[in-house]
Structure formats: structure tokens, C-alpha cells
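Trainee: The following block contains the structure, expressed as C-alpha cells.
The values are calculated or read from the model by the stated rules, or taken from the named source; none is laboratory data. Treat the numbers as computed from the prediction; the structure is a model and nothing was measured. Quick reminder, even Gly has a Cβ in these numbers, built from the backbone with ideal geometry, and neighbours come from all protein chains shown. Side chains included, ligands, DNA and RNA excluded: accessible areas come from the protein's heavy atoms. Shrake-Rupley method; radii C 1.70, N 1.55, O 1.52, S 1.80 Å.
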Amino acid sequence: MIDPRSQATRASYDTVAESYDRLVRSSLPEMPFDRALLAVFAELVDGPVLEVGCGTGRITAHLGGLGVEISGVDLSPGMVEVARREHPGHRFEVGAMQDLAVPDGALGGVVAWYSTVHTPTADLLATFTELARVLAPGGHLLTAFKAGDRVTPLRHAYGHDVDLEVHWHPVDAVADAITGAGLTEVARLVRAPHGPEKGPQGGLIARKA
Ligand SMILES: C[S@@+](CC[C@H](N)C(=O)[O-])C[C@H]1O[C@@H](n2cnc3c(N)ncnc32)[C@H](O)[C@@H]1O
């Protein structure tokens, strides 16, 4: 059973899945700081990696291209369907990042790349606690998010009507939630907005002792 807000998020991404993939899949070449974070993570990580909130799989595929053994999970069956079709070399499943079907300590890394943008700041601790649970000792977490302190309703996106809430998280609140989940911050990056982005963007890498 998922809550009504998550149901609305899932239905919205089901609706936009095809156009999301068309509009977003080729944006990484224009994002040197994002590529740098992903490259550092690829270098640090050892063992299987799961991208939670993988969407249509562009980040999963990018990390796979850097030699990372990676699969994806997403709340939206529509996004997963597109990911499976577009990136058949990777495994994608439907699921919620707050309740992963993964044993404790099974993974070398977890990526949450803009997948907490619909998670209230107050719920970050529970979310990162679940991500920390599935990491093996020495495993790494990489997350990217919108850096700020506001919640904005989104009613139209990627050419469709949607029902989304976009949560901008203070960088220190993300770091505190990650630390509270038992991980140690390794690095953080805050960059200026690029193109249509409406504010600064944050990235953080953490490690399980
Ligand atoms: C902005 S998209 C990012 C997708 C992908 N990481 C990328 O960068 O292209 C956010 C994704 O997170 C997923 N998502 C939101 N809440 C989730 C949750 N609780 N569990 C798993 N996925 C979730 C959405 O379905 C959507 O595909």
C-alpha cells in the first residue's frame, strides 16, 4: 500500500515517461559537474550498485558505461517500462526506495539521483536509513537533489498535466539525514543552475564505515 501523495507521483511519472526520456536522456553531456560526481562515484564504488528512483534509466546506463555493475528500481511502472526498452543491458524493477526488496548489506553502492525531489525533508532520515541498510560496510551512497528550502507544486511538466510536489532540500538537512542514517559524508558539491533549472543543485557522496 502506498500513500496518496506517492500514488500521485507514480501516476504523474507514468504519464510523462515517454516524453521524460526524450527530453532528459541527452542532458548529461552538458553537465560537467554532474558527470564529475558520477565519475568519482564510479571510481570509489566496489560491487553491485542499485539506482533508486532510476526513472527511464539514463543514469543507470551512464554508470554502466563507466564499468559499474548496476540495476535500477523506480516507483513508476511506466518509467520502468521505458528503461527496460531503452537500456536492455540492465535490470529494472518497480519498487519504492523506502522499502527495498534487497537484503541487508548486499550492495557496494546506492544512487539516488534526483529521486528524493518528491520526498519531504522530514522523511529524508527514514529514506536514507533504508538506503544505508542495504549497503555493505565500505559501500558508497551518491545523491543529487535540488538545493534550497521550499516546496513547489508542479501541475504541468514534460508536455503533460501532472500532480507533483517538488521538494528543495537544504544541503545541511540532506547531510544531517545521511549522517543520522549512520553514513559518513565524503564530499559535497553545490553548483549554480544550468539551463532551465530554477535554483542551485546539490550532490553528496557518503560512505558506510
Ligand atoms: C526526477 S526523476 C529522476 C529519474 C532519474 N534518476 C534521472 O535522473 O533521470 C524522479 C524519479 O524518482 C521516482 N521516485 C519518486 N519517488 C520514489 C520512491 N519513493 N521510490 C522509488 N522511486 C521514486 C519517480 O518515479 C521518478 O522516476
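Trainee: Pick out the one residue from Asp99, Asp123, Asp74 that is within 14 Å of the ligand (Cβ to nearest atom) and crowded, with 22+ Cβ neighbours inside 10 Å.
Mentor: Answer to the check: Asp74.
Trainee: Now for a separate question. Report whether or not Glu93 is charged (D, E, K, R), touching a strand residue (DSSP E or B) at 6+ places or on another chain (Cβ under 7 Å), more than 18 Å from Gln201 (Cβ to Cβ) and open to solvent by 10 Å² or more (accessible area, probe 1.4 Å).
Mentor: yes
Trainee: Quick check: is even one residue across the range 202-209 part of a helix (DSSP H, G or I), out of contact with any helix residue (DSSP H, G or I) (no Cβ under 9 Å at 6 or more places or on another chain), at pLDDT 95 or above and open to solvent by 60 Å² or more (accessible area, probe 1.4 Å)?
Mentor: No, the range 202-209 contains no residue that is part of a helix (DSSP H, G or I), out of contact with any helix residue (DSSP H, G or I) (no Cβ under 9 Å at 6 or more places or on another chain), at pLDDT 95 or above and open to solvent by 60 Å² or more (accessible area, probe 1.4 Å).
Trainee: Can you run down the residue pairs with Cβ atoms below 6 Å, 6 or more apart or on separate chains, where the first is in the range 107-118 and more than 11 Å from Val73 (Cβ to Cβ) and the partner is near the ligand (Cβ under 6 Å from one of its atoms)?
Mentor: Partner pairs satisfying both residue conditions: Trp113/Ile59; His118/Thr9.
Trainee: Since Arg58 meets every condition but one in (1) crowded, with 17+ Cβ neighbours inside 10 Å; (2) out of contact with any Lys or Arg (no Cβ under 6 Å at 6 or more places or on another chain), which condition does it not meet?
Mentor: (2)
Trainee: Please state which one of Val16, Val52, Val45, Val82 is away from the ligand (no atom under 11 Å from the Cβ) and of a type in the set (Val, Ile, Thr).
Mentor: That would be Val45, the only listed residue that is away from the ligand (no atom under 11 Å from the Cβ) and of a type in the set (Val, Ile, Thr).
Trainee: Hey, any hits in the range 29-44 for a residue that's farther than 30 Å from Lys208 by Cβ, in a helix (DSSP H, G or I) and touching a Ser or Thr at 6+ places or on another chain (Cβ under 8 Å)?
Mentor: no
Trainee: Scan the range 167-186 for residues that are touching a residue at least 40 places away in the same chain (Cβ under 8 Å), closer than 21 Å to Val45 by Cβ and either out of contact with any helix residue (DSSP H, G or I) (no Cβ under 7 Å at 6 or more places or on another chain) or crowded, with 18+ Cβ neighbours inside 10 Å (or both) and report the count.
Mentor: 6
Trainee: Let me ask you something else. Does the range 111-120 contain any residue that is surrounded by fewer than 20 Cβ atoms within 10 Å (Cβ to Cβ) and more than 25 Å from Val16 (Cα to Cα)?
Mentor: no
Trainee: Within the range 1-28, work out how many residues are within 17 Å of the chain's Cα centre (by Cα), under 18 Å from His194 (Cβ atoms) and assigned to a helix (DSSP H, G or I).
Mentor: The total comes to 3.
Trainee: Quick one: count up the residues across the range 136-146 that are closer than 23 Å to Arg35 by Cα, among the hydrophobic types (A, V, I, L, M, F, W, C) and either open to solvent by 10 Å² or more (accessible area, probe 1.4 Å) or touching a residue at least 60 places away in the same chain (Cβ under 8 Å) (or both).
Mentor: Qualifying residue count for the region: 3.
Trainee: OK, next. Are any residues in the range 63-75 within 18 Å of Thr143 (Cβ to Cβ) and either touching a Gly at 6+ places or on another chain (Cβ under 9 Å) or not in a loop (DSSP other than H, G, I, E, B) (or both), and if so, which ones?
Mentor: Leu63, Val68, Ile70, Ser71, Gly72, Val73, Asp74, Leu75
Trainee: Which residues, taken from the range 154-209, are among the aliphatic types (A, V, I, L, M) and more than 16 Å from Thr119 (Cβ to Cβ)?
Mentor: Ala157, Val162, Leu183, Val186, Ala187, Leu189, Val190, Ala192, Ile205, Ala206, Ala209
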